[in-house]
Amino acid sequence: MRLCSIASGSSGNCIYAGSDSTHILVDVGISGKKTEEGLRSLGLTMRDIDGILITHEHTDHIAGLGVLVRKYQTPVYATGGTIEAIKNTSCVGTIAEELFHPVYADEKVIIKDLVCNPMTISHDAAEPVAYRICHGKKKIGIVTDLGTYNDYTVECLKGVNALVLEANHDVNMLQVGPYPYYLKQRILGERGHLSNERAGQLLCRLLHPQLQAVVLGHLSKDNNLPELAYETVRVEVTMSGGRGLAAEIPLQVAQRSGVSPVVHIA
């Protein structure tokens, strides 16, 4: 099983996950051209993609959706609320009704040999979800755009072998930065985005010996730095008593507008 961030950040998100025979994208918040370039670097084309899972309707997650789906007739999987919101997003354009496949939180969706499990998250969108994707006994979690987490979140992600986890902002940088007050409050709120510290604290609850890789994603361009996200999360894990596991887990920060190193799950 492979996992790769094609782009990740407040200006666009697209993640690839797949097995030898099944290939999916989670979100396409970058242009169709950039999505296809990213796939080519993985030895794939859009014609290989068996489905696109959408987490929610914000533009940085669906900007390239309409162009790609109209061109390749790729099935789109999203919650009912997200589908309706996509239809009302003018920049996406019209997508044929038959290409939409509604998903429901906590009900599995099977795409060839991948089992995809949507999970509810707290974010200011119509009906947002994160995804756990399984191939046999191998499991990955893709969870970004959440203002907070709870025991349900931890339970859904327990036992994953690889994880894409939001580390959106450094609280200090956000508080002293140029954003208007209302936007700062939105980001810091329970339906906003996860800070570096909170990402580290969530990761602490998910540590186990079979966790092979963690990719920190959706970093803010204005309120975070890759090095800061990396070190803050590492410190949180170390302080929680996970010093040994912190040293062993390959931790990387997803590139904002480029393809990150591929994670191969053994």
The simple spin-label model distance between Q210 and E227, using points 7 Å out along Cα→Cβ, in nm, is 3.7 nm
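Using a 10 angstrom Cβ neighbour count of at most 15 plus a DSSP loop assignment to flag exposed GluC sites (Glu not before Pro), which longest range of the chain is free of such sites? Don't skip to the answer; put the middle values down first.
Working: sites that count: E107, E190.
Between exposed loop sites, the widest span is 1-106.
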Between beta-carbons, use under 12 Å as the cut-off and find the net charge around V109, counting Lys and Arg +1, Asp and Glu -1.
0
Unit-weight point scatterers at every alpha-carbon of the chain, Debye formula, q = 0.11 1/Å: log10 I(q)/I(0) is -0.54
Inter-label distance for M239 and K158, nm, one decimal - labels placed 7 Å from Cα along Cα-to-Cβ
2.6 nm
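Let me spell out the model: positive unit charges on the Cβ of Lys and Arg, negative unit charges on the Cβ of Asp and Glu, origin at the Cα centre of segment 134-266. What dipole size does that give, in debye rounded to 20?
300 debye
Given the pairs K34/K108; K137/K184; K33/K158; K34/K184; K87/K221, which are separated by over 32 angstrom at their Cα positions?
Numbers: K34/K108 30 Å; K137/K184 40 Å; K33/K158 35 Å; K34/K184 30 Å; K87/K221 28 Å.
In this structure, K137/K184; K33/K158 lie more than 32 Å apart at Cα.
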For segment 25-38, Karplus-derived ³J(HN,Hα) couplings (6.51, -1.76, 1.60; θ = phi - 60°; whole Hz; x for glycine and proline) come out as 10, 10, 6, 9, x, 10, 5, x, 4, 5, 4, 5, 4, x
Probe 1.4 Å, heavy atoms of protein chains only: per residue, the accessible area of segment 139-180 in Å² is 34 Å²
Translational diffusion coefficient (Stokes-Einstein; Kirkwood radius from C-alpha pairs) of segment 119-227 at 4 °C, 1.567 mPa s, in µm²/s:
91 µm²/s
Positive-end residue of T144, Y181, T79, charge dipole of the chain with Cβ unit charges:
T144
With all protein chains present, how much of the accessible area of the chain (probe radius 1.4 Å) comes from carbon and sulfur, to the nearest whole percent?
52 percent
Principal axis dimensions, largest first and in whole angstrom, of segment 1-148 by Cα:
36, 32, 30
Under 15 Å from a point 7 Å along the Cα-to-Cβ line of T89: which residues of segment 44-63 have their amide N that close?
52-63
Which whole-Hz couplings ³J(HN,Hα) result when phi for each residue of segment 166-177 is put into the Karplus expression 6.51 cos²θ - 1.76 cosθ + 1.60, θ = phi - 60°, listed in order with x for Gly and Pro?
5, 9, 6, 8, 8, 4, 4, 4, 5, 5, 9, x
Simple Cβ-charge dipole of the chain, Lys/Arg +1 and Asp/Glu -1, about Cα centre, in debye nearest 20:
460 debye
Rounded to whole Hz and in sequence order, give me ³J(HN,Hα) for segment 12-18 from the Karplus expression 6.51 cos²θ - 1.76 cosθ + 1.60, θ = phi - 60°, writing x for Gly and Pro.
x, 9, 7, 10, 9, 9, x
Which cross-chain or sequence-distant (5 or more) residues have an amide H under 5 Å from the amide H of V164, H modelled 1.01 Å from N in plane?
G141, I142, V143, V215
Name the most mobile residue of G189, G64, G93, meaning the one with the largest mean-square fluctuation, in a Gaussian network model of the chain with Cα contacts below 10 Å.
G93
Would you pull out the residues with amide H under 5 Å of I111's amide H, same chain only if 5 or more places away, H placed 1.01 Å from N?
C116
Would you please state which residues of segment 57-83 a label at H101 would reach in this model, taking the label point 7 Å out along Cα→Cβ and a backbone N cut-off of under 14 Å?
73-79
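Treating only the Cβ atoms of Lys and Arg (+1) and Asp and Glu (-1) as charged, compute the dipole magnitude of segment 35-186 about its Cα centre; round to the nearest 20 debye. Provide the component values of the computation, followed by the final result.
Values: 14 positive and 19 negative charges, 76 e Å.
The calculated dipole for segment 35-186 is roughly 360 debye.
The values are calculated or read from the model by the stated rules, or taken from the named source; none is laboratory data. In this text, all values refer to a predicted model and were calculated from it rather than measured experimentally. Please note: Cβ atoms are built from the backbone with ideal geometry, for glycine as well, and neighbour counts cover all protein chains shown. Ligands, DNA and RNA are stripped out before the accessible areas are found, and what is left, the full protein with its side chains, is counted by its heavy atoms. Shrake-Rupley method; radii C 1.70, N 1.55, O 1.52, S 1.80 Å.
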